[in-house]
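Contents: one structure, followed by commentary.
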Amino acid sequence: MNYEAALAYIDQFIDYERSREFARQTRLYNLNRISQLLDLLGNPQNRLRVIHIAGSKGKGSTAALIASVLRCAGYKTGLFTSPHLITPRERCRIDGRLISEEDVTLYILEKLKSAIETVSDSEFGRVSFFEIYTALAFCYFADKAVDFAVVEVGLGGRLDATNIVSPVTTVITRLGWSIRLYWAKRTLISRRRRRKLLKLNARWLLHHNTRRHKQFWKIGQQHGTHQLFIQVQFITARCLAARGITTIL
């Protein structure tokens, strides 16, 4: 068993990040597979304090920024992002260090493979490339006992594999046309998908948009969430303090 074998195994599963049929296959998207997979793995996501980052513009850099701030504050911080540029190991890191080849091999071929095969043979169908890496990240972060896990949403909202978590904070960055065209012809549907990211009694930060923030505010009130709309480009401690906020966690 080696690292190359682990990558070859994962590559057998469909990667929607590269699929040209992405929009046509939305009917296959649900949380059943990732839910069953994580259940077989002991639901490691429930042992994590997750900061969930969604949006179509800036969510990756926002996730990296938040992880950096937490790390500098002394917290052991896991960061899950996608896609990767050079190596799949970029998707999962702790305190800035990529998951090792040894750990990828251990988790995929020894800890996750049996559960992956079980779910893939079930009525829900084969798991996806992204679902496997999501499960890998949750298991890795939980086993390493991180203080916080900063998790970037993939291409979805309500049905994204990462939306299985119960975050302490949800951040929604600016929504652009590129992601809306993937999901639906009507912008309204895309907005509704992202509203489903809001969890009961959770804190969330939203990029300020005068046309939409009242809609999200109303949804937030219904969900019992605590909202903060950010209009500035860079969030600083002084900026938050001016709003009477000493911490966002």
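Measuring from label point to label point, each 7 Å out along Cα→Cβ, what is the Glu4 to Ala73 span in nm?
It works out to 4.4 nm between the two label points.
Only Cα pairs under 8 Å and at least 6 apart count here; give the relative contact order of the range 84-157 as a rounded whole percent.
Values: 29 pairs, mean separation 16.6, N = 74.
The value is 22 percent.
Between Asp147 and Ser61, how high is the FRET efficiency from 1/(1 + (r/R0)^6) when r is the Cβ-Cβ distance and R₀ = 22 Å? Nearest 0.05. Walk me through the numbers on the way to the answer.
Numbers: r = 21 Å, r/R0 = 0.98.
That pair, Asp147 with Ser61, gives E of 0.55.
Once the piece of chain linking Asp95 and Glu123 is laid out straight, how much longer is it, given 0.36 nm per residue of separation minus the C-alpha distance between them?
Gain in length upon complete extension: 6.3 nm.
Amide H to amide H, which residues 5 or more places from Ile14 or on other chains are under 5 Å from it, using H placed in the peptide plane?
Phe129
Ranked by Cβ crowding within 10 angstrom, fewest neighbours first, how are Thr170, Thr118 ordered? Could you put the intermediate results ahead of the total?
On the way: Thr170 25, Thr118 13.
If I rank by nearby Cβ atoms, fewest first, I get Thr118, Thr170.
Please compute the length gained on full extension between Lys111 and Asn30, using 0.36 nm multiplied by the number of residues separating them and subtracting their Cα-Cα distance.
Values: separation 81, 0.36 × 81 = 29.16 nm, distance 2.34 nm.
Between Lys111 and Asn30, full extension yields an extra 26.8 nm.
We did not get these values from a lab; they are worked out from the coordinates using the rules stated. Computed from a predicted model, the values in this text were never measured in an experiment. Cβ coordinates were reconstructed from backbone atoms using ideal geometry, including for glycine residues, and neighbour counts include every protein chain displayed.
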